[in-house]
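Novice: One structure, as structure tokens, below. Some questions next.
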Amino acid sequence: MRSLELRRDGVPISVTNVMPAGINTPLFNKARTRLGVKPMPVPPIYQPSVVAEVILHAAENPTRDIMAGGAGQMLSLMQRLSPALLDAVLRRTGFEGQKTDEAKGEDAPDNLFGPIENYDKVGGDFSAQAKPASRGNWLETHPAARRALKGAALAGATLIVIRGLRRR
């Protein structure tokens, strides 16, 4: 709501809600957990640079909302199309998808109340699984390509409908 107030008052500030998907950060290494195992982001996992690119794009091209990672975009689409289906999918995969096989007790060091000394990494332990880029973000940050793809999809759908009507 604050961004609308700023816009109404003519303040030259843009507020963007950046919504990251599963990102390979140290959060999963040092966050407090009661899972009994080390948590992980739900795959597909993206490198932190995917979020940095989206933030840079939003700084240069003000927008209200932007997702970092195609998986987040897919979840958002599923939420709009069928919230009940998304709930069913998340019930089956969401909880177990956040667990590793690595044991982590409740007494493991965590950063809940302060930083952990000498732990200033950007990336987490899932680099081998993490994607360095997101095709969905590429389309999000290249509006001309996105419009061309939408136009091609619309033209293809139109051709299918026209051919169907001619066969009648």
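Novice: Could you tell me how many of the residues in the range 64-98 are in contact with an Asp or Glu (Cβ under 9 Å, 6 or more places away or on another chain) and among the aliphatic types (A, V, I, L, M)?
Specialist: Of the residues in that region, 3 qualify.
Novice: Identify, from the list MET74, MET67, the residue that is surrounded by 10 or more Cβ atoms within 10 Å (Cβ to Cβ), assigned to a strand (DSSP E or B) and touching a Gly at 6+ places or on another chain (Cβ under 8 Å).
Specialist: The unique qualifying residue is MET67.
Novice: List pairs: first in the range 22-39 and within 14 Å of ASP120 (Cα to Cα), second of a type in the set (D, E, K, R) and exposed (fewer than 14 other Cβ atoms within 10 Å of the Cβ), Cβ under 9 Å, 6+ apart or cross-chain?
Specialist: THR25/LYS121; PRO26/ASP120; PRO26/LYS121; ASN29/LYS121
Novice: Let me ask something additional. How about the range 25-46: which of its residues are more than 14 Å from GLY72 (Cα to Cα), assigned to a loop (DSSP other than H, G, I, E, B) and not basic (Lys, Arg)?
Specialist: Correct list: THR25, PRO26, ALA31, THR33, LEU35, GLY36, MET40.
Novice: How about the range 14-24: which of its residues are in a loop (DSSP other than H, G, I, E, B) and farther than 21 Å from LEU112 by Cβ?
Specialist: SER14, VAL15, THR16, ALA21
Novice: Examine the range 114-136 for a residue that is within 30 Å of LEU4 (Cβ to Cβ), touching a residue at least 12 places away in the same chain (Cβ under 8 Å), within 20 Å of the chain's Cα centre (by Cα) and surrounded by 11 or more Cβ atoms within 10 Å (Cβ to Cβ), and state whether such a residue exists.
Specialist: yes
Novice: Quick one: which residue in LEU90, LEU86 is in contact with a helix residue (DSSP H, G or I) (Cβ under 7 Å, 6 or more places away or on another chain), part of a helix (DSSP H, G or I), surrounded by 14 or more Cβ atoms within 10 Å (Cβ to Cβ) and without any contact (Cβ under 8 Å) to a residue 40 or more places away in the chain?
Specialist: So the residue among LEU90, LEU86 that is in contact with a helix residue (DSSP H, G or I) (Cβ under 7 Å, 6 or more places away or on another chain), part of a helix (DSSP H, G or I), surrounded by 14 or more Cβ atoms within 10 Å (Cβ to Cβ) and without any contact (Cβ under 8 Å) to a residue 40 or more places away in the chain is LEU86.
Novice: From the list GLY123, GLY105, GLY114, GLY151, pick out the single residue that is closer than 16 Å to ILE23 by Cα and not polar (S, T, N, Q).
Specialist: GLY123
Novice: Can you name every residue in the range 10-21 that is without any contact (Cβ under 8 Å) to a residue 12 or more places away in the chain and of a type in the set (A, V, I, L, M, F, W, C)?
Specialist: Within the range 10-21, VAL11, ILE13 qualify.
Novice: Then there is this: Taking interchain pairs and intrachain pairs at least six residues apart, which have beta carbon atoms under 8 angstrom, with the first residue in the range 145-168 and part of a helix (DSSP H, G or I) and the second surrounded by 10 or more Cβ atoms within 10 Å (Cβ to Cβ) and modelled with pLDDT under 90?
Specialist: What qualifies is ALA145/TRP138; ALA145/LEU139; ARG146/LEU139; ARG146/GLU140; LEU149/LEU139.
The values are calculated or read from the model by the stated rules, or taken from the named source; none is laboratory data. It should be emphasised that the depicted structure is a prediction, and the values quoted were computed from it without experimental measurement. Positions of Cβ are backbone-derived with ideal geometry, glycine not excepted, and every protein chain shown enters the neighbour counts.
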